[in-house]
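Colleague: I have a structure I would like to understand better, so I am pasting it below and will then ask my questions one at a time.
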Amino acid sequence: MAEILQYVHKDGFFHTIHPFTKIAFILVISLMCIISTNILFLAILVAALLIIAYASNLYKEVIAQLKLVILMSVVFIIITVITMPNGAVIGYVIPAAVPFVGGFIPITQGALEIGLILTLRFMVLIFAFQLFLISTQPRDLVHALEKCRMPIDYILMFIIALRFIPTLQIEGKRIHEAQLARGYNPGSGFLGKIRSVAPIVIPLVSNALLRSNVLGLTIDMRGYRTGKRTHVREKRFLHADYLVMAVLVIGFGGFVALTLVQVL
């Protein structure tokens, strides 16, 4: 599996635009997908994000997490079917022909619609944030958040958390391969996967604690909070940024207008 939230060095369109433009993109897309309950509109947002990923040469990185997205989507639909029965019954999880327990847990039209809405929202948010994070260098994100007047402590915690996710994923994979190379065989199937967790989690947590200690010492040695910081490289707004901002304003304005018309 490809690393989650890992920056990918490429020369695509999304890499060239300013982090502020990407933050505005995330906010607009997130607001529209959270407010909207139209399945067709949410599906169009998902398709639009995939098209943007393809145009930005990030399609493979986005699709690499599709297994996780599909798994979580199935979980959302199952949960809504079980907990939110609403509308006409179109079937049962356990068919009615099964003796004694047949006809248990109805599958309703309303539950499927709600589950599909939650699934599409989840896809939109995951794809949008992934596009943002894999196309933005951490230093550029730090500079943008600093200009937003965010406290440096919160910025530092946010960036470290983002960097730890792909690092822990890579290290967990290496530990698993090392255990297999030493002849460890947890078995196959679901129980085998459960038994393989402990030999990975224990050294992974130990290494993470050691890394956090080294990171703290490194931050102190580099003069954290000792004075005003200067930046070697500053990102500037380009024509593409103004174009994207204009599209976002027009798109969000049209979305708000259509939403108000439907409500009124």
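The values are calculated or read from the model by the stated rules, or taken from the named source; none is laboratory data. Quick caveat: nothing in here was measured; it's all calculated off a predicted structure. Cβ atoms come from the backbone with ideal geometry, glycine included; neighbour counts cover every protein chain shown.
Colleague: With 117, 159, 170, 194 as the choices, which residue is on the phi < 0 side of the Ramachandran plot and either crowded, with 17+ Cβ neighbours inside 10 Å or in a loop (DSSP other than H, G, I, E, B) (or both)?
Modeller: On inspection, the qualifying residue turns out to be 117.
Colleague: Scan segment 109-124 and tell me whether some residue there is under 20 Å from residue 70 (Cα atoms) and of a type in the set (Asp, Glu).
Modeller: Looking only at segment 109-124, we keep the residues that are under 20 Å from residue 70 (Cα atoms), and these are 111-124.
Among the residues that remain, those that are also of a type in the set (Asp, Glu) are: 113.
Among the residues of segment 109-124, at least one is under 20 Å from residue 70 (Cα atoms) and of a type in the set (Asp, Glu), which makes the answer yes.
Colleague: Out of (1) exposed (fewer than 14 other Cβ atoms within 10 Å of the Cβ); (2) not in a loop (DSSP other than H, G, I, E, B), what's the single condition that is false for residue 176?
Modeller: With (1) exposed (fewer than 14 other Cβ atoms within 10 Å of the Cβ); (2) not in a loop (DSSP other than H, G, I, E, B) applied to residue 176, the lone miss is (1).
Colleague: Whether any residue in segment 193-210 is under 30 Å from residue 142 (Cβ atoms), touching a residue at least 40 places away in the same chain (Cβ under 8 Å) and not assigned by TED's automatic domain parsing to the domain that holds residue 8 is what I want to check.
Modeller: Yes, that holds for at least one residue.
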